[in-house]
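Structure record follows, encoded as structure tokens.
The values are calculated or read from the model by the stated rules, or taken from the named source; none is laboratory data. None of the values given here were measured: they were computed from a predicted structure. Here Cβ is always computed from backbone atoms with ideal geometry, including for glycine, and neighbour counts include all displayed protein chains.
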Amino acid sequence: MNRSEKALRFYSEGFNCAQSVIVSFADIMNIDEETALRLASGFGGGMGRMQNTCGAITGAFMVIGYLRGKYKQGDDEAKEITNQLIQELSRQFVELHGTINCKALINFDLNTPEGREQAENANVFNKRCSLFVKSSVELLEKIILNEVKLS
């Protein structure tokens, strides 16, 4: 099973978009799946269902941060690389989908019972959000292969 298939399996099992992306990279992050799922549990629905930055892309940002992020005082190079990789991933996602904003991507207000029901009835989570999960994983894989040197 490849990473995007794994992410889609987790998504279909009821995990949010951010969880589904990050858990598919848990192996190269050297963390267990439970830790990955817990870390990303509040980022679905555009961060706590506030419908800001798409959870699928946020999950990918967390992977980049874990692999290349600054963790030592004064390591400004790591901070800069992380920012560049996140900006590149965002650019590519926007090229595919038009935005990284959850509300704009799905066109439903998830903060009202009516909006959630409309989104469910339109099958937006299976039709649209699963596409965002898949493309976030695939874009991240390319960035990791091209930019991130894993030890």
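Brief remarks on what is shown
- Residue within segment 57-68 that is more than 28 Å from Glu13 (Cβ to Cβ) and either modelled with pLDDT of 95 or more or not β-branched (Val, Ile, Thr) (or both) present: yes
- The set of residues in segment 99-137 being of a type in the set (S, T, N, Q), under 20 Å from Phe61 (Cβ atoms) and not in a loop (DSSP other than H, G, I, E, B) consists of Asn101, Ser130, Ser135, Ser136.
- For segment 11-26, the tally of residues that are in contact with a Leu (Cβ under 8 Å, 6 or more places away or on another chain) and surrounded by fewer than 24 Cβ atoms within 10 Å (Cβ to Cβ) stands at 1.
- Residue check, Met29 over 14 Å from the mean Cα position of the chain (by Cα) and surrounded by 16 or more Cβ atoms within 10 Å (Cβ to Cβ): yes
- Among the residues making up segment 14-28, those that are touching a helix residue (DSSP H, G or I) at 6+ places or on another chain (Cβ under 8 Å) and either part of a helix (DSSP H, G or I) or on the phi > 0 side of the Ramachandran plot (or both) are Cys17, Ala18, Gln19, Ser20, Val21, Ile22, Val23, Ala26, Ile28.
- Filter result (among the β-branched types (Val, Ile, Thr), free of Cβ contacts under 8 Å to residues at least 60 places away in the same chain and within 20 Å of Leu131 (Cα to Cα)) within segment 17-31: Ile22, Val23
- The residue that is surrounded by the most Cβ atoms within 10 Å (Cβ to Cβ), counting only those in segment 32-78 that are in contact (Cβ under 8 Å) with a residue 24 or more places away in the chain and in contact with a Lys or Arg (Cβ under 7 Å, 6 or more places away or on another chain), is Gly46.
- Number of positions in segment 31-88 that are part of a helix (DSSP H, G or I) and basic (Lys, Arg): 3
- Per-region count, segment 108-139, residues surrounded by 12 or more Cβ atoms within 10 Å (Cβ to Cβ), farther than 19 Å from Phe15 by Cα and either free of Cβ contacts under 8 Å to residues at least 12 places away in the same chain or within 16 Å of the chain's Cα centre (by Cα) (or both): 3
- Identity of the residue in segment 69-103, among the small types (Gly, Ala, Ser) and either under 15 Å from the mean Cα position of the chain (by Cα) or on the phi > 0 side of the Ramachandran plot (or both), that ends up modelled with the lowest pLDDT: Gly74
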